[in-house]
Amino acid sequence: MKNKILLLAVFLGISYAGIAQIKPTLMVMPANAWMSANGYTQEFNNQGTIDVIYLYDKALREDRDLKKIINKISGLWAERGFPLEDLEAVLAEIKEDAAEDNMRTMKDGSEIAKNPVDVLFEKASPDIKFMLDFDFVDDGFDKRCDFNITAIDAYTNSPIADKQGTGNGDFSRTEVELAREMVFAHMDGFVSQVTAHFQKIIACQCREVRIDIKNTDGWGEDLESEFGEDDEELNVLIEDWLSENTTDGGPNIRMVSENKMTCKRVMIPLFYQKVYKSGKVKEKKMDTKKFAQQLQKYLKEFDITSKVVTKGLGRADIILGTK
């Protein structure tokens, strides 16, 4: 792994020590279980499917201690040199930015609903979500904190590290102090596991995402239609492009039909070269949306119109036959 990181350092023109110091960006936030238990949820109609969304803005506004707890625990990460995205600040930015609308409308008049939680993570773009689930118990003798804390990869939503248990009881401490202490006691383990996970990403120079390709009824073609000089099925052309442009030789194609293609474990590169009109070439960070747009550009070579719709940080849908 060290050799791979060293090669990346040479490629980017920075020292090995500099690469080793690269840290993921974190966002500290309440866990889904905490949000549900405290009534900060709402049902969301996503094209006929009822999803549950989490009302972070309401939780921060109504639960005074929640913001204090998040700030205290964010401070623990900041003390260790980790960059942070502030949940409340990102929520305010989304509210002020009219362009971040939760409903995207295609040019043909159909609509694609955008889950507000997806908008939150796309706006903040953290590498790691540090999720807090806690409850304070007062048994008449002392007050203690029952907790479940988890570090999650924001792209794959897979857990990196977790710890649960009961903190030491103490009537003299505030709930905010008890919550901070419960995390502080396990910080070394979390820092070690989060750092190891991110260094693996740096070493392989790739990040795991998911790409789904979907057909629309009015297009007139589908994923089994033939395109190109060799009259290959569209799903084959897409799979070949993904194999050529991912870092591990190709995605895990989980499903292919005439109307849908599901591609999981798509290992996209961390960077791409941006060529400006001036001719200047600059290395830029790759993300799921940009990678999907590159596939979208490839499809244009076959006169196929499409629309890229992101769903959080680690997934993008390419809708064929519409803009």
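The values are calculated or read from the model by the stated rules, or taken from the named source; none is laboratory data. For clarity, every value in this text was computed on a predicted model and none was experimentally measured. Here the Cβ positions follow ideal geometry from the backbone for every residue, glycine too, while neighbour counts run over all protein chains shown.
Before we move on, is ASN259 within 17 Å of ALA316 (Cβ to Cβ) and among the polar types (S, T, N, Q)?
The answer is no for ASN259.
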Checklist entry - Which pairs do you get when a residue that is in contact (Cβ under 8 Å) with a residue 60 or more places away in the chain, found in segment 311-323, comes within reach of a residue that is aromatic (Phe, Trp, Tyr), reach meaning Cβ atoms under 8 angstrom, with the pair 6+ apart or on two chains? => result GLY312/PHE121; LEU313/PHE121; LEU313/TYR155; GLY314/TYR155; ALA316/PHE291; LEU320/TRP219; GLY321/TRP219; THR322/TRP219
Next on the checklist: Looking at (1) over 30 Å from SER158 (Cα atoms); (2) touching a Pro at 6+ places or on another chain (Cβ under 9 Å), which one does GLU233 not meet, given that it meets all the others?
Outcome noted: (2)
Checklist entry - Among the numbered criteria (1) more than 28 Å from VAL256 (Cα to Cα); (2) surrounded by 15 or more Cβ atoms within 10 Å (Cβ to Cβ), which single criterion is violated by ARG207? => result (1)
Checklist entry - Does PHE130 satisfy the condition of being under 15 Å from ILE69 (Cα atoms), surrounded by 15 or more Cβ atoms within 10 Å (Cβ to Cβ) and at pLDDT 95 or above? => result yes
Next on the checklist: Any residue at all in segment 270-289 that's closer than 16 Å to LYS214 by Cα and outside any loop (DSSP other than H, G, I, E, B)?
Outcome noted: yes
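Give segment 305-321 a look and list any residue that's among the aliphatic types (A, V, I, L, M) and crowded, with 19+ Cβ neighbours inside 10 Å, or say none.
Of everything in segment 305-321, those that are among the aliphatic types (A, V, I, L, M) and crowded, with 19+ Cβ neighbours inside 10 Å turn out to be VAL309, LEU313, ALA316, ILE318, ILE319, LEU320.
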Checklist outcome for this item: Flagged in segment 140-173 as of a type outside the set (A, V, I, L, M, F, W, C), part of a loop (DSSP other than H, G, I, E, B) and in contact (Cβ under 8 Å) with a residue 12 or more places away in the chain, in numbering order, are ASP142, TYR155, THR156, ASN157, GLY167, ASN168, GLY169, ASP170, ARG173
Checklist entry - Is it the case that THR216 is among the polar types (S, T, N, Q) and assigned by TED's automatic domain parsing to the domain that holds ASN252? => result yes
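If you go through segment 37-57 one residue at a time, how many are under 19 Å from GLU88 (Cα atoms) and either outside the structural domain of LEU120 (by TED's automatic domain parsing) or within 22 Å of the chain's Cα centre (by Cα) (or both)? Break it down stepwise before answering.
Quick first cut of segment 37-57, residues under 19 Å from GLU88 (Cα atoms) only: 38-42, 53-57.
In the following step, the residues that additionally are either outside the structural domain of LEU120 (by TED's automatic domain parsing) or within 22 Å of the chain's Cα centre (by Cα) (or both) were identified as 40-42, 53-57.
Number of matching residues: 8.
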Checklist entry - Inside segment 155-175, can you point out the residues that are in contact with a helix residue (DSSP H, G or I) (Cβ under 6 Å, 6 or more places away or on another chain) and at pLDDT 80 or above? => result ILE160, ALA161, GLU175
Checklist entry - Based on what the data block shows, is ASP240 surrounded by fewer than 17 Cβ atoms within 10 Å (Cβ to Cβ) and touching an Asp or Glu at 6+ places or on another chain (Cβ under 9 Å)? => result yes
Item to check | Residue, nearest to ARG265 (Cα to Cα), within segment 182-194, restricted to residues that are surrounded by fewer than 16 Cβ atoms within 10 Å (Cβ to Cβ) and either among the β-branched types (Val, Ile, Thr) or without any contact (Cβ under 8 Å) to a residue 24 or more places away in the chain (or both) | outcome: SER192
Item to check | Given (1) modelled with pLDDT of 85 or more; (2) part of a loop (DSSP other than H, G, I, E, B); (3) of a type in the set (Gly, Ala, Ser), index of the condition ALA33 fails | outcome: (2)
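In segment 43-86, which residue that is among the hydroxyl-bearing types (Ser, Thr, Tyr) and buried (at least 17 other Cβ atoms within 10 Å of the Cβ) is nearest to VAL176 (Cα to Cα)?
Taking segment 43-86 first, the residues among the hydroxyl-bearing types (Ser, Thr, Tyr) are 49, 54, 56, 74.
Narrowing the set further to residues that are buried (at least 17 other Cβ atoms within 10 Å of the Cβ) leaves 54, 56, 74.
Numbers: TYR54: 22, TYR56: 18, SER74: 13 Å.
The residue in question is SER74.
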Next on the checklist: Looking only at segment 215-251, filter to residues that are in contact (Cβ under 8 Å) with a residue 40 or more places away in the chain and not in a loop (DSSP other than H, G, I, E, B); which one of those is farthest from PRO269 (Cα to Cα)?
Outcome noted: PHE227
Next on the checklist: Looking at segment 248-258 only, could you name the residues that are loosely packed, with under 14 Cβ neighbours inside 10 Å and not charged (D, E, K, R)?
Outcome noted: GLY249, ASN252, MET255, SER257
